[in-house]
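K.L.:
I am attaching a structure below and will ask some questions about it afterwards.
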Amino acid sequence: MGGLSAVAGLPFRTVLVANRGEIAVRVIRTLRRLGLRSVAVWSDADRGARHVLEADVAVRIGPPPPRDSYLCVAAVVEAARRTGAQAVHPGYGFLSERHDFAKACEDAGLVFVGPPASVLEGSNDKLAVKAKVAAAGVPVIPGPLGAVGEGEPALRAAAAQTGYPLLLKAIGGGGGRGMRVVARPDDLVGAAESARREAGGAFGDARLYAEALVRPARHVEVQILADATGAVRVVGDRDCSVQRRHQKVLEEAPAPDLSEATRRTLHRAAVDAARALGYRNAGTVEFLVDAAGRPSFLEVNRRLQVEHPVTEAVFGLDLVEWQLRVAAGEALPPEGTWVARGHAVEARVCAEDPSRGFLPASGPIARLVTPEGPGVRVDAGWKDAGEVPSEYDSLLMKVVAHGETREAALARLDRALADTAVLGVPTNVAFLRRVVADPDFRGVRLSTDFLDGRLDALTAPPEATADVLLAVAAADLLGVGRRSGAGAGPVATGGPAYDPWRTLAGFRLADEEVP
Amino acid sequence: MTAPTFHGLLKADASAPRKMDLRLDGDVLHGGIDGAHVEATVARGTADGEVVLRVGDRRVRAHVVRDGARWLVAVEGAVFQVARVDHVDAADAGGSSDPFAASPMTGVVTKVHVRPGDAVGKGAPLFAVEAMKMEYVVKAERDVAVVEVKKAAGARVAVGEVVVTFAE
């Protein structure tokens, strides 16, 4: 078997990355730094994708639909076997929290870089997890610790324990699916029916549980690392209150303006929750913090989070490296090894159109320019140009800024977003800049309903200034950005609505054209 | 040698076209936009589509991709679609006079609400497309008579692909 990694002293040489997009690129970067051989997997939609080009080895695993490729356990395990991989990093999403995948890796003699299959299997049932952590003394949201029974009387009985407004949640679920806010008793039966339908379809488990609705509340989460000796370390916290439909928009570390008492409670609760679940590897314990600063447990995310770079920026560590070390059986360093410095904020740049209800976009990117500068990190799934497939999520890149203070980090983030250019698919960059500039966001008046009621102002299409027209004229006169052979005569604007995204197939890379 | 000039109407996104009368003398770009005087210094223009201007005391950095008489321009994180136009058509306002409805994104048709021969009122749903876990319902932008349904539920569609056609 491959021998030791030269740099890291890890017991494996070759690691397969069972993911795509920015997270696959990011994991490969750490593998390379550690002197490990990286294996990428790709579906036909990702043939020329950045993660495929940057890995040492790349294996096709199937056609574009996720269930036939990135979600296909057999295909991924076979790719690992064929390439001699000794470990598998699952990234986030896709197979990352699937106990059957972790088990298939373990059975094939592969190190699964995440919690053991038994831990994943034992924490699939969200209500059982809630009951376990509650028994360990972790504060939880009020509500019955049993599934809501079928029929109206059972529903009414559950609602009597939570009061109104309440939240119905899917026992097997996540990501806001199978979740309903019920404001009034009249809405209870209808909401439960539609939540059951959605949960059954999405997770194959229609069971629900009921909780009181904690609102307004901030979303604060705690990063943990746990090793095989039972050591659990807290690597700070993050605030991810700015969300749209349960999708995080901006994330920052540390969570600003928390009292020391609240922070201590959160960190202790996260460790207690991890111990109660026998947790291992990197994980995130999510909480809601109400207006009085009282935390209550939401859930455990049993993977690397999208927003992990803000923690890395503040603590100066590489969480993927520590995932690999812990998976290899290494013990974590003593408490106090990692010290927080400054503040970091991340913005998720997505291929979507905020002015059309955040409609996801796909298609060719003619040009992609990423920002750089002191304290700025970009994790991108694309470089210079490429194609956004319609089959996968719309995250293009994460722009992360670190500074000595929150204000400094935000100033850097705003500059970095202004220096970001994506031509060919619409993105949310202008929207993100407006959120960053919002006085309530600046003033840490945060809650998960932050965006409600502000979306119209934040998503209005920006007006083209004279600067934009001057830049076009200058580009024309200098011959910049031009397709060869294309005339510059006027085009009529009648007929079908002008839609460059429809016609972008005509674009090619500008730097192919200009001599 | 005469200085290069840029004359004509430029239309950015949905805003009204603006009349450009500019010339480039050395690195100074000057002239008028809708008759108002403008002047900028061109600091950089690179092969990969970057333009840097000085406008007064401001630095303007743009990334440009061009297709014929159309440009995509990114300035300060925002992206604009700019086109040279020689006339302005009233029908350009929103495309609602199109004799068809097209898919707004690449994805899968999940539902078709209409059949050939149906008379459909403004605002009624025509079909739904799903991509990336999100469903988008396309509605009639005016009263229409359906002529043809080109895609059934389950069919894959590209952005801009026609799904339903109407009588003119």
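The values are calculated or read from the model by the stated rules, or taken from the named source; none is laboratory data. Being a predicted model, the structure only gives us computed values, none of them experimental. Every residue, glycine as well, gets a Cβ built from its backbone with ideal geometry; the counts of neighbours run over all protein chains shown. Just so you know, the surface numbers come from the protein's heavy atoms only, side chains and all, with ligands and any DNA or RNA stripped out. Shrake-Rupley method; radii C 1.70, N 1.55, O 1.52, S 1.80 Å.
K.L.:
Assess whether A:PRO374 counts as being free of Cβ contacts under 8 Å to residues at least 60 places away in the same chain and closer than 24 Å to A:PRO64 by Cα.
P.N.:
no
K.L.:
Would you confirm, using the coordinates I've provided, whether B:VAL88 is at the interface with another protein chain (Cβ under 7 Å from one of its Cβ atoms), at pLDDT 95 or above, touching a Ser or Thr at 6+ places or on another chain (Cβ under 9 Å) and open to solvent by 10 Å² or more (accessible area, probe 1.4 Å)?
P.N.:
no
K.L.:
Residues of the range A:102-125 being under 21 Å from A:LEU31 (Cα atoms), in contact (Cβ under 8 Å) with a residue 24 or more places away in the chain and part of a helix (DSSP H, G or I), which ones?
P.N.:
The answer is A:CYS105, and nothing else.
K.L.:
Ok, one more. Scan the range B:41-80 for residues that are of a type outside the set (Val, Ile, Thr) and facing another protein chain (nearest Cβ under 7 Å) and report the count. Quick ask: steps written out before the conclusion?
P.N.:
Kept after step one, since they are of a type outside the set (Val, Ile, Thr), are these residues of the range B:41-80: B:43-45, B:47-50, B:53-54, B:56-59, B:61-63, B:66-72, B:74, B:76-78, B:80.
Next, only the ones that are facing another protein chain (nearest Cβ under 7 Å) stay: B:45, B:47-49, B:53, B:62-63, B:66-72, B:74, B:76-78, B:80.
The total comes to 19.
K.L.:
Okay, moving on. Of all residues in the range A:222-256, how many are open to solvent by 10 Å² or more (accessible area, probe 1.4 Å), under 13 Å from the mean Cα position of the chain (by Cα) and aliphatic (A, V, I, L, M)?
P.N.:
So the answer is 1.
K.L.:
Suppose we filter A:ASP384, A:ASP452, A:ASP440 for residues that are acidic (Asp, Glu) and touching a residue at least 40 places away in the same chain (Cβ under 8 Å); which single one remains?
P.N.:
A:ASP384
K.L.:
I've got another one for you. Quick check on A:SER394: is it in contact (Cβ under 8 Å) with a residue 24 or more places away in the chain and touching a Cys at 6+ places or on another chain (Cβ under 6 Å)?
P.N.:
yes
K.L.:
A follow-up question, please. Any idea which residue in the range A:305-328 is most open to solvent (accessible area, probe 1.4 Å), counting only those that are closer than 24 Å to A:ARG406 by Cβ and part of a loop (DSSP other than H, G, I, E, B)?
P.N.:
That would be A:GLY316.
K.L.:
So, one more: Just a yes or no: is a residue in the range A:469-488 under 23 Å from A:TRP382 (Cα atoms), more than 7 Å from chain B (Cβ to nearest Cβ) and either open to solvent by less than 10 Å² (accessible area, probe 1.4 Å) or modelled with pLDDT of 95 or more (or both)? If you could, list the steps in order and put the result at the bottom.
P.N.:
So in the range A:469-488, the residues under 23 Å from A:TRP382 (Cα atoms) come out as A:480-483.
Restricting the remaining residues to those that are more than 7 Å from chain B (Cβ to nearest Cβ) gives none.
Taking every residue of the range A:469-488 in turn, none turns out to be under 23 Å from A:TRP382 (Cα atoms), more than 7 Å from chain B (Cβ to nearest Cβ) and either open to solvent by less than 10 Å² (accessible area, probe 1.4 Å) or modelled with pLDDT of 95 or more (or both).
K.L.:
Let me ask something else about it. Kindly indicate whether any position in the range A:37-60 is in contact with a Pro (Cβ under 8 Å, 6 or more places away or on another chain), farther than 30 Å from A:GLN161 by Cα and in a loop (DSSP other than H, G, I, E, B).
P.N.:
For the range A:37-60, residues in contact with a Pro (Cβ under 8 Å, 6 or more places away or on another chain), farther than 30 Å from A:GLN161 by Cα and in a loop (DSSP other than H, G, I, E, B): absent.
K.L.:
Would you mind stating whether B:VAL138 is surrounded by 18 or more Cβ atoms within 10 Å (Cβ to Cβ), within 14 Å of chain A (Cβ to nearest Cβ) and modelled with pLDDT of 85 or more?
P.N.:
The answer is yes for B:VAL138.
K.L.:
Let me ask another. Does the range A:329-340 include one or more residues that are closer than 24 Å to A:ALA411 by Cα, touching a residue at least 60 places away in the same chain (Cβ under 8 Å) and touching a helix residue (DSSP H, G or I) at 6+ places or on another chain (Cβ under 8 Å)?
P.N.:
Yes - at least one qualifying residue is present in the range A:329-340.
K.L.:
Right, here's the next one. Hey, A:HIS219 hits all of (1) in contact (Cβ under 8 Å) with a residue 12 or more places away in the chain; (2) open to solvent by 50 Å² or more (accessible area, probe 1.4 Å) but one; which does it fall short on?
P.N.:
Status for A:HIS219: all satisfied but (2).
K.L.:
Whether any residue in the range A:166-176 is free of Cβ contacts under 8 Å to residues at least 40 places away in the same chain, out of contact with any Asp or Glu (no Cβ under 9 Å at 6 or more places or on another chain), surrounded by fewer than 16 Cβ atoms within 10 Å (Cβ to Cβ) and part of a loop (DSSP other than H, G, I, E, B) is what I want to check.
P.N.:
Here is the first cut: in the range A:166-176, the residues free of Cβ contacts under 8 Å to residues at least 40 places away in the same chain are none.
Checking the range A:166-176: not a single residue is free of Cβ contacts under 8 Å to residues at least 40 places away in the same chain, out of contact with any Asp or Glu (no Cβ under 9 Å at 6 or more places or on another chain), surrounded by fewer than 16 Cβ atoms within 10 Å (Cβ to Cβ) and part of a loop (DSSP other than H, G, I, E, B).
K.L.:
Here's a follow-up. Scanning for something surrounded by fewer than 20 Cβ atoms within 10 Å (Cβ to Cβ), farther than 29 Å from A:GLY283 by Cβ and not polar (S, T, N, Q), does the range A:69-80 turn up at least one residue?
P.N.:
No, the conditions are met nowhere in the range A:69-80.
K.L.:
Which condition from (1) more than 20 Å from the chain's Cα centre (by Cα); (2) under 30 Å from B:LEU10 (Cα atoms); (3) surrounded by fewer than 24 Cβ atoms within 10 Å (Cβ to Cβ) is the one that A:ARG445 breaks?
P.N.:
Result: A:ARG445 passes all but (2).
K.L.:
Here's another thing I want to ask about it. As an exercise: evaluate A:PRO354 against (1) in contact (Cβ under 8 Å) with a residue 60 or more places away in the chain; (2) in contact with an Asp or Glu (Cβ under 8 Å, 6 or more places away or on another chain); (3) not aliphatic (A, V, I, L, M) and give the number of the one condition it does not meet.
P.N.:
(2)
K.L.:
Enumerate the strands (runs of 3 or more DSSP E) found wholly within the range A:364-457, keeping only those where 3 or more residues are in contact with a Pro (Cβ under 8 Å, 6 or more places away or on another chain) and either within 26 Å of A:ALA255 (Cβ to Cβ) or away from chain B (no Cβ under 14 Å) (or both).
P.N.:
A:376-380, A:395-403
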